[in-house]
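The values are calculated or read from the model by the stated rules, or taken from the named source; none is laboratory data. In this text, all values refer to a predicted model and were calculated from it rather than measured experimentally. A quick note on method: Cβ atoms are made from the backbone with ideal geometry, for glycine too, and the neighbour counts reach across all protein chains shown.
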Amino acid sequence: MDTNVADAPEIANPSALQHHFENPEQQRDASTIGMWSFLLTEIMFFGGLFLAYFAYRQAYPLAFASASLKTDLWLGAANTTVLIGSSLTMALAVHFAAIGKRQLLVLFLTLTLILGGVFLGVKAYEYHDKWEHHEIPGPHFECDGCVDAQHTQLFFSLYFGMTGLHASHMIIGAGILLVLIWQAYKGRFTPDWYTPIENFGLYWHFVDIVWIFLFPLLYLIDRSGRGLT
Amino acid sequence: MASAHEAQNEHHIVPKRVYFLIFAALIVLTWVTALVSRIDLGRWNIFVALAIAITKASLVILFFMHVKYSTRLTKFIVMCGFFWLSLLLFITMADLWTRSWMGVPGR
């Protein structure tokens, strides 16, 4: 049977085993490793920004501590809850893809999209708030009550750079989700082959992990006011 | 060896209960870290916050991303990524932290 696979004509059904793999498990493992290789490049992508944050916080602790108090702790915590909720619905979507429940797969992908949208909406509200308070680095930058106001611009540059890169990953993710929801609705995925759902799940959870670190670094670690006195 | 390898590669269906438990743990940790941040622990604030973040990230990687149930090769690749990140952060920060101790120009 295995030898026939290579001779089979090209067919539209992607669940077919590609001829260069020995068996479906090997094909699955290869796609998982491929996805993780991509995620490692993403770790490097975000890693540089995290390093920049730590390096400048080390250099200007007072500026970072006072600027960090400008973030809204409760909005940040609520938004973290929303994003973790979207990770749960994504994990359940992969689960329903694996057991072949098409309608539940579509439902949970849609819930993931909605929760991602709520997260981005709250983020947009926070950005707008920063805009209103002139807390955007540049010629009109202001930071009421900030210590070392000049260097608080570094904090806000990193704040917008890191949360902006994170948000752009979510916007790209939402676009991919729309396609996956359509394909799932059309019945493209079966328990034998749902690799795009599984790999998208890895991407979505990775974006969640980035936020899990952004939340304490930008909102929490200088909250108690240490360094201001 | 062969049978163990095959068993490892079987479609591993994780019970839904596991996802809900991990979700509950992540939510509790989120609100614990948010509340603890308001208490002045001096230099320990950052360590508590990062320890909780690393715990949360590990839960997501192991259970939501199925790394706990994946092949050793996948686990190795994931470890490589985070090991590289720790080299980047620790070696650079060790330099920046200690420069001022020696009075080296340029901090």
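Looking only at segment B:43-94, count how many residues are farther than 15 Å from A:Leu202 by Cβ and of a type in the set (D, E, K, R).
So the count comes out to 3.
Residues to consider are A:Leu177, A:Leu217, A:Leu165; find the one that is assigned to a helix (DSSP H, G or I), touching a helix residue (DSSP H, G or I) at 6+ places or on another chain (Cβ under 9 Å), away from chain B (no Cβ under 11 Å) and over 22 Å from A:Thr110 (Cβ atoms).
Going through A:Leu177, A:Leu217, A:Leu165 in turn, just one is assigned to a helix (DSSP H, G or I), touching a helix residue (DSSP H, G or I) at 6+ places or on another chain (Cβ under 9 Å), away from chain B (no Cβ under 11 Å) and over 22 Å from A:Thr110 (Cβ atoms): A:Leu165.
How do the pairs read when you match residues in segment A:29-50 that are within 9 Å of chain B (Cβ to nearest Cβ) with residues anywhere that are surrounded by 15 or more Cβ atoms within 10 Å (Cβ to Cβ) and charged (D, E, K, R), using Cβ under 9 Å and keeping only pairs 6 or more apart or on different chains?
Between residues of segment A:29-50 that are within 9 Å of chain B (Cβ to nearest Cβ) and residues that are surrounded by 15 or more Cβ atoms within 10 Å (Cβ to Cβ) and charged (D, E, K, R), the close pairs are A:Thr32/A:Glu198.
Just the residues that are buried (at least 21 other Cβ atoms within 10 Å of the Cβ) and outside any helix (DSSP H, G or I), please, taken from segment A:47-68.
none
Can you tell me which residue within segment A:139-165, out of those that are more than 23 Å from A:Pro61 (Cβ to Cβ) and modelled with pLDDT under 90, is surrounded by the most Cβ atoms within 10 Å (Cβ to Cβ)?
Filtering first and then ranking leaves A:His140.
From (1) within 28 Å of B:Phe64 (Cα to Cα); (2) in a helix (DSSP H, G or I), pick out the condition that doesn't hold for A:His128.
Exception for A:His128: condition (1).
Out of all the residues in segment A:99-106, is one or more within 14 Å of another protein chain (Cβ to nearest Cβ) and of a type in the set (Gly, Ala, Ser)?
Scanning segment A:99-106 turns up at least one residue that is within 14 Å of another protein chain (Cβ to nearest Cβ) and of a type in the set (Gly, Ala, Ser).
In this structure, does A:Gly138 turn out to be part of a loop (DSSP other than H, G, I, E, B) and touching a strand residue (DSSP E or B) at 6+ places or on another chain (Cβ under 9 Å)?
Answer is no for this residue.
With in contact with a Gly (Cβ under 7 Å, 6 or more places away or on another chain), touching a residue at least 40 places away in the same chain (Cβ under 8 Å) and within 20 Å of A:Trp74 (Cβ to Cβ) as the only criterion, which of A:Tyr125, A:Tyr219 stands out?
The match here is A:Tyr219.
Report every pair of residues separated by at least 6 positions or lying on different chains whose Cβ atoms are under 8 Å apart, first residue within segment A:81-97 and at the interface with chain B (Cβ under 7 Å from one of its Cβ atoms) and over 18 Å from A:Phe206 (Cβ atoms), second buried (at least 21 other Cβ atoms within 10 Å of the Cβ) and modelled with pLDDT of 95 or more.
As it stands, the answer is A:Thr81/B:Thr30, since those pairs meet every condition given.
Within segment A:206-229, take every residue that is buried (at least 24 other Cβ atoms within 10 Å of the Cβ) and of a type outside the set (A, V, I, L, M, F, W, C) and give me the one that is modelled with the lowest pLDDT.
A:Asp222
Can you spot a residue in segment A:92-113 that is modelled with pLDDT under 95 and in contact with a helix residue (DSSP H, G or I) (Cβ under 6 Å, 6 or more places away or on another chain)?
no
Based on this model, can you work out whether A:Leu88 counts as under 22 Å from A:Tyr219 (Cβ atoms), buried (at least 16 other Cβ atoms within 10 Å of the Cβ) and modelled with pLDDT of 95 or more?
In short, yes.
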